[in-house]
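These notes concern the structure reproduced below.
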Amino acid sequence: MTVPSHGIRIIVLGFNCLNMNPVSRIILDPSILVGKPVIRGTRIAVDLVLELLASGWSEAVILEEYPGLEHEDILACIRYAQEIVQSERVYSTTNQEKIAG
């Protein structure tokens, strides 16, 4: 869904994961962290939360270190990443070249 706001285009992504209400938790706003996806109401980027999880941080530690976050915010970050990867398209090349990414 796209929401116009003072001439700035804000894209809001809503998620419905497990017991999460269909609340818009992840936003992309050019005025916040240059448009990186962030958790609504914060300047905490989705990629930061994913990096912490990938580095072995438990959800409990993340919630302790970032008290403004909720369990549903972490689930929304994971869902966001899942949807990005799911929508990724891979095309083979005719020369069987490897594509570095």
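The values are calculated or read from the model by the stated rules, or taken from the named source; none is laboratory data. Since we're looking at a predicted model, the values are computed, not measured. As a convention, Cβ positions derive from the backbone with ideal geometry for all residues, glycine included, and neighbour counts pool all protein chains shown.
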Checked region 22-74 for anything basic (Lys, Arg) and closer than 17 Å to Ile84 by Cβ; matches are Arg25, Lys36
Considering only helices (runs of 4 or more DSSP H) wholly within region 1-87, the ones with at least 1 residues that are modelled with pLDDT of 90 or more and within 14 Å of the chain's Cα centre (by Cα) are 46-54, 71-87
